[in-house]
Each structure stands twice: as structure tokens, then as C-alpha cells.
Amino acid sequence: MIKVTHEITKSFVSESELNAVFSDVEKAHQTLVNGTGPGKDFLGWTTLPRDYDRDELERIKAAAARIRKDSEVLLVIGIGGSYLGARAAVEFIKSPFYNQQKKTTPDVLFVGNNLSPDYIHSIFELIKDRDFSINVISKSGTTTEPAIAFRLFRDEIEKRYGAAGAARRIYATTDRSRGVLKQVATAQGYETFAVPDNIGGRYSVLTAVGLLPCAVAGLDVDMMFAGAEEAMDVCYKEGASNPAWIYAAARNALYRKGYCIEVLGCYEPGFRFMSEWWKQLYGESEGKDRKGIFPASVELTADLHSMGQYLQDGERKLMETIVTFDRPMRDITIPSQAEDGDGLNFLAGQGLHSINTQAFKGTMLAHMDGGVPNIEISCAAPDERTLGQLVYFFEFACGVSGYTLGVNPFDQPGVEAYKVNMFALLGKKGYEEKREELLKRLG
Ligand code: PA5
């Protein structure tokens, strides 16, 4: 199970400061598990590992099997919480090179997460002459980026397979009853999966939003749920040994001392999109009311050679949280060489994982000496069970941390501002007045 080490933050935060935060964390925990705080209508994810609709899970597995049989590529159309979790899971468990690998499962390509014509052209090139299916994911069913991508790729899939053939290859993950996507899916006869009303996008990895792409890529989704359930047991327990409490307390105690940037790092490059997912989870949950820790990330050891200088010696507002693994999926041993021209024989016979671990320990001590508090989240191995544990742990800790901070961790009012301006500038009906105002400002 996940372990959070906070001892090391104690040189930056006193025992009494930490205890004061712990008492707020305890209250925040009660607010979360009793559903008495703001955003209480969006707590469906808290019990998901136990009460997930098993019939829908079977339907997801059946749909994944069909996609694996008739497609070389699955296009996943979605943005934000409707995209990052699935990408994070596939790259973390399979490989960042998943699509380049020889395999029996389809490539999984993500689109609809930007408005770049060049990106879309590249995806069209990648599906040329290859059978493909589409999983369009949008809880609201109205988000512009995925809606535009769906229009473009729906055109293509209908040209390729005819309307009826296309309908058999399109899977829509959306609201149970509302939204444009739901209406189109019903009219066209697409198979649909539900994003429950009480689960917001960034907390939806363990719904069809994340599960269908994961199952297509061959991830063991039952093991993901098993891991999540283990984390749920641990996170629900009250007390100072609860890893979610330790994490929420450490980061809030540091925030109160002026450490307003948290850098999440990992020594496994496959974790890169897990960090992207984490950034959305914490940034969108906590960054409001002019408060919140700014979530950033680094990929290690690579970024020690780009961001290392700043981390060691730049402005001191940073805390680091490092995710570590006791063992890799596969290790590799350094060979001995007779001439030892590169001077590396002192490492011969060692596994690369243990060298990576020493890099982590050395860096942690150096950064601490440089004035950067470090929190360690240690996990067993980068597998589906750990993935389920991490997803649930980070979500639960985020809820507790958000309430400790005094914000609603389950809304995202700030995301609307850019949309209003974009629609106004694009001339959408109903935005005429705003358009005039913005055009004047732009000159
Ligand atoms: O976490 C969130 O709520 C957001 O990131 C959404 O997931 C994102 O904006 C996409 O929304 P939708 O799924 O409605 O298209």
C-alpha cells in the first residue's frame, strides 16, 4: 500500500504547526466522508471502488473486446478530466512507447484536447489505411475542443464505413440523459456509457471515462478496482497514519509557511501523464478564491539537467513531492567491461533500479539542503494495483486538502471565463454584446 513520508518536512514545519493543520485535516475528513461540505453532490467517486455498476463494467469489457477485434486504432476524443486519466493510465502501465510497440491491442490516440489543425492532420495521417473506432468522451457533451474533433472524425468514419458501420464503431461516454452528445448518440444508435451525475471530470478515471480506453489497451481494470478499494479502506480510516491525512497535512502546513508551489516528480518517465492528471486534479480542485498551491511537475532524472538548477537554488517557494516505487516492472543489470574505459565498473552487477533509487535519495537530500521540503509517496510496483491505489489516494487526499484549504474542491467556475470570450470572438449566437466589448479591448 502507498506510504507517505512526512518526517522530512519537520525541519521546515514545527511539530505544533503540523498538529494545528492535522486538526483541520481531521475536520476536513469528516466533511468529506459525511458529505456535508460544498460540492457534496459530487462525491460519487468516494465509494466507486465498492459500488461501481458491475453490469456496466461487463459492457465496457465487451466493447473493448470488440474494438480490439475490429480496429487497429482507437481514437479517444476528450479533454481535461475526459482525457488525462486514460492517457496517464495507459502510459504508466504499458509504456510511453505503447503506440510504437508490437502488440495485439490497438494503438490508442488522443484527440480533441486542443484546437490545433496540425495535430488533427497528424492524427488523420496515422489512421489512413487503418481500421479505427472512436470513443468520444464528454460529460457535458458541449465542450468545444472534443465537439470539433468529433465532427471531423465522425465525417471520416462515416465516409469509411457508411452511417450504419460507423455507428457500430462509435462509443459515446457522456451524461446519462442530458447534452448534445447524448442526443446525437441516441439518434445515431451509438453504444453509450454513463458519466455519473455525482462524479466530476477530474474524479472520473474509475468510470467508463477511463475504463474503456484502459481496457482496450489491455489494462487489467479489475486489478485497478482492487487497488482502489485497498486505498479506500486506508483513506477512510481516521488517524495520523492515514496517508491521505499525512499528505494533506504536510502540503497545507508548508503552504501556510509560504511554500505555494508543489512540484510532483517521479523517476519513471512512464509517470509523466500521471503528473499531468495530478496537476489537473489539484489545480482545478484547489486553485480558487485567490488561494491554492500551484501544481507543477518534473520528469526525473531528465529534468535535473534542465530544472535542477532552479530546484536546488532558485526562489524558495517550492515543495517537492516524489513518487517512488519499491521495484520496477523489469530491471536491467549493468554489465562489467574488461577495459572499463568509461569508469563505470564500480556499478557492474547492480540493477538500474537501485542506481535510480540512489539518484532519488541523493537529490532529495541535496534539495532539502537547498531549502526545498520533500514529501515521499512510496508505492510497490508500477502496476494496475498501484495505479488504482494512487488514483484513489490522490483523489481522496485532494478532497481532504481542498476542504482544509477552505475551498470547494469539486467545482471549477474559473474554467468558464475563457470559453465565454472564445465564443464571443467566434461570433456564437447570444454573445453579441460580449463580442463588441472584447473587440474594443483588442483594438
Ligand atoms: O474536471 C473537469 O470537470 C473538466 O476538466 C472537464 O473534464 C473538461 O472540461 C471536459 O469536460 P466535458 O467532459 O464536459 O467535455
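Before moving on, here are some points about what is shown:
- Phi-based couplings in Hz for segment 191-203 (Karplus 6.51, -1.76, 1.60; Gly and Pro marked x): 5, 10, 10, 9, 9, x, 3, 8, 10, x, x, 6, 9
- Legend: residue pairs 10/237; 27/257; 139/317; 237/288, Cα-Cα distance threshold 30 Å; pairs beyond threshold, 139/317.
- Qualifying trypsin sites (Lys or Arg not before Pro) in segment 104-178, DSSP loop, other Cβ atoms within 10 Å at most 14: 128, 130, 176, 178
- Peptides 102-113, 194-205, 81-92 ranked from most to least packed, by the mean per-residue count of other Cβ atoms within 10 Å: 81-92, 194-205, 102-113.
- Helical mean residue ellipticity (222 nm; -39500 (n - 2.57) per DSSP H run of 4+; nearest 500) of the chain: -16000 deg cm²/dmol
- FRET E, pair residue 333, residue 416, Förster distance 51 Å, beta-carbon r, rounded to 0.05: 0.45
- Antiparallel bridges, percent of DSSP beta bridges restricted to the chain (to nearest 5): 10
- Share of alpha-carbon pairs per 20 Å distance bin for the chain, given as whole %: 24, 53, 22, 1
- The charge dipole of the chain, taken about the Cα centre with unit charges on the Cβ atoms of Lys, Arg (+1) and Asp, Glu (-1), comes to about 1320 debye, rounded to the nearest 20.
- Under 5 Å, built H, 5+ apart or other chain: amide partners of residue 195: 174, 175, 176
- Max mean-square fluctuation residue, GNM over the chain, Cα-Cα springs under 10 Å, options 166, 417, 64: 417
- Counted by Cβ distance under 12 Å from residue 256, the other residues give a net charge of +1, where Lys and Arg count +1 and Asp and Glu count -1.
Throughout, read-outs are computed from the coordinates displayed, never taken from laboratory work. If you're wondering where the values come from, they're calculated on a predicted model, not measured in any experiment. Please note: Cβ atoms are built from the backbone with ideal geometry, for glycine as well, and neighbour counts cover all protein chains shown.
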